[in-house]
Amino acid sequence: MSIDSDTPLYNGLTASVPGLPAAWYFDPAQHAREMATLWRKNWLYVARSEVFPNPGAFRTLTVGDQNYLVVRGRSGSLRGFHNTCRHRGSLLCEAAEGQLGVSGRIVCPYHQWTYDTEDGVLLRTSSFAEPEGFDKSVHGLFQVAVVEWRGCVFLHPDLDTPWDANTAFQRPADNFANFPLETMVVGHTWHAEMSCNWKTFWENFNECLHCPAVHPELTELVPLYGRRIIHPRDVPDWGVHVQSNDPRYRGGLRDGAETWSMDGSAQGHAIQSLTSEERARGQTYASTWPSVFIAGYADHVRIVSLRPLGPERTELVAEWLFQPETLADSTYNIENVVDFGRLVMEQDAKACELNQRGLHAAPLKAGVLMPEEYLVERFHNWIRAGLVL
Ligand code: FES
Ligand SMILES: [Fe+2]
């Protein structure tokens, strides 16, 4: 499903729609169901390719009760496995990231079974002899699918799922065709934990009804957001203003601003491969539920990924990407964009946490969606459809 290409002329909902059951935001059984379905049957963002510079470089990723190991194999390709030894099930790599030892092999810390990075084949056990009937070839690591897409690493727990960028993203990745994603590098990373359900985060991301009250600085920078909408066609009478050059109606940044930064300046580092229309748009989004959205601006890209830590706890990782020449310019003030993005995310996190706390009211069976929340409805439909075990 493509959000942009599927939208009719008027984007909004034409009838009120009930939200998901309130208990789905805190009930442990529902959470377990979502982890076993939505978080196991979709591509999940891992990291940027640059964190795997050499063969043997690895990262582990905990998603609910599953733990995955992604490692650059001997051949230079990334490989993914369940981070679990086939002997008696020990975790293989405890660290969140690192470099395999000189052997370049995966060695279980418990009894030292040793696996090849390329395909997870069991190379040797540590017993004095292998018993009759023991077949090494059926005791390789459980593999998962891994793909590098434009410098972004994704994994899918099902090894046989083919990667297709056209279907993996709800907000289409085509939007990023002119961003030099492959060569951009991470200039800053921010980790945060929010006391909210992971769905609360996505709902907040998918509407701007909250923007004027929650984001005073952002609504000044993106005047359209001050109208509580994210697209000019989010109101039924959008046609009245179709010729308007006022950013409150046409979208884009306030006059004089170039990017999402504290002062609106791109400091002379606008990405040259973007068209003037793309730069004027102010922000460009791609998202793939449930784990990540990518936001592009005139001079940088921000990748925000999330992982549930529990029914009411969610980890957020934001990575700011820049062109190498931007980071090499000692006069470029990276805080100008980092501080702004962080301000907006902290405001959103606070709103999500408030939302989460209120959801426990005993009489509340479900919320209700208003016209501007059409993307929240799509998210809810995606949730309901994906809950099949
Ligand atoms: S559990 Fe890994 S070698 Fe025993
Ligand atoms: Fe927000």
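Computed on the chain, with alpha-carbon pairs under 8 angstrom and 6+ residues apart, the relative contact order is 23 percent.
Run the dipole for the chain about the Cα centre, Lys and Arg Cβ at +1, Asp and Glu Cβ at -1, nothing else charged, and hand back the magnitude in debye, nearest 20. Could you put the intermediate results ahead of the total?
Working: 33 positive and 47 negative charges, 165 e Å.
Taking the Cα centre of the chain as origin, the dipole is about 800 debye.
In the chain, excluding the sites themselves, the longest stretch lacking any of the trypsin sites (Lys or Arg not before Pro) that are in a DSSP loop with at most 12 other Cβ atoms within 10 Å is 89-364.
Sites listed here are chymotrypsin sites (Phe, Trp or Tyr not before Pro) in the stretch 1-110 whose DSSP assignment is loop and whose Cβ has at most 10 other Cβ atoms within 10 Å, and the list is empty.
With charges set only on the Cβ (+1 for Lys and Arg, -1 for Asp and Glu), what does the dipole of the stretch 44-162 come to about its Cα centre, in debye to the nearest 20? Mind showing how you got there, number by number?
Details: 11 positive and 13 negative charges, 58 e Å.
For this selection, approximately 280 debye.
Based on DSSP loop calls and a cut-off of at most 15 other Cβ atoms within 10 Å, the longest stretch of the chain free of exposed GluC sites (Glu not before Pro) is what? Longest gap between qualifying sites, sites excluded: 183-389. Applying a 4.7 Å cutoff between beta carbons, the unpaired cysteines of the chain are Cys93, Cys152. Sum up the charges of everything whose Cβ sits under 14 Å from the Cβ of Arg59, counting Lys and Arg as +1 and Asp and Glu as -1, but leave Arg59 out. Net local charge, Arg59 excluded: -1.
Could you tell me what % of all Cα pairs in the stretch 161-316 have separations over 24 Å? Within the stretch 161-316, distances greater than 24 Å cover 40 percent of Cα pairs.
A 1.4 Å probe, protein heavy atoms only, puts the accessible area of Cys85 near 10 Å².
When its C-alpha radius of gyration is set against 2.2 N^0.38 Å (N residues), the stretch 229-375 gives a value of 1.24.
Only helices enter the 222 nm calculation for the chain: every DSSP H run of n ≥ 4 contributes -39,500 (n - 2.57), and dividing by all residues gives -6000 deg cm²/dmol, rounded to 500.
With Cα atoms as the point set, the radius of gyration and Dmax of the chain evaluate to 22.8, 82 Å.
Based on the alpha-carbon gyration tensor of the stretch 1-88 and its eigenvalue square roots a ≥ b ≥ c, which shape applies: rounded if a/c is under 1.5, prolate if not and a/b is larger than b/c, or oblate? Write out the running numbers ahead of the final one.
Working: a/c = 4.01, a/b = 1.66, b/c = 2.42.
Note, shape of the stretch 1-88 comes out oblate.
Within the same chain, lysines fewer than 8 places from Lys350 are excluded, and of the rest, those with a Cα less than 16 Å from its Cα are Lys199.
The values are calculated or read from the model by the stated rules, or taken from the named source; none is laboratory data. Just so it is clear, the structure is predicted and the values come from calculations on it, not from any experiment. Quick reminder, even Gly has a Cβ in these numbers, built from the backbone with ideal geometry, and neighbours come from all protein chains shown. Keep in mind that these areas ignore ligands, DNA and RNA; they rest on the heavy atoms of the full protein, side chains included. Shrake-Rupley method; radii C 1.70, N 1.55, O 1.52, S 1.80 Å.
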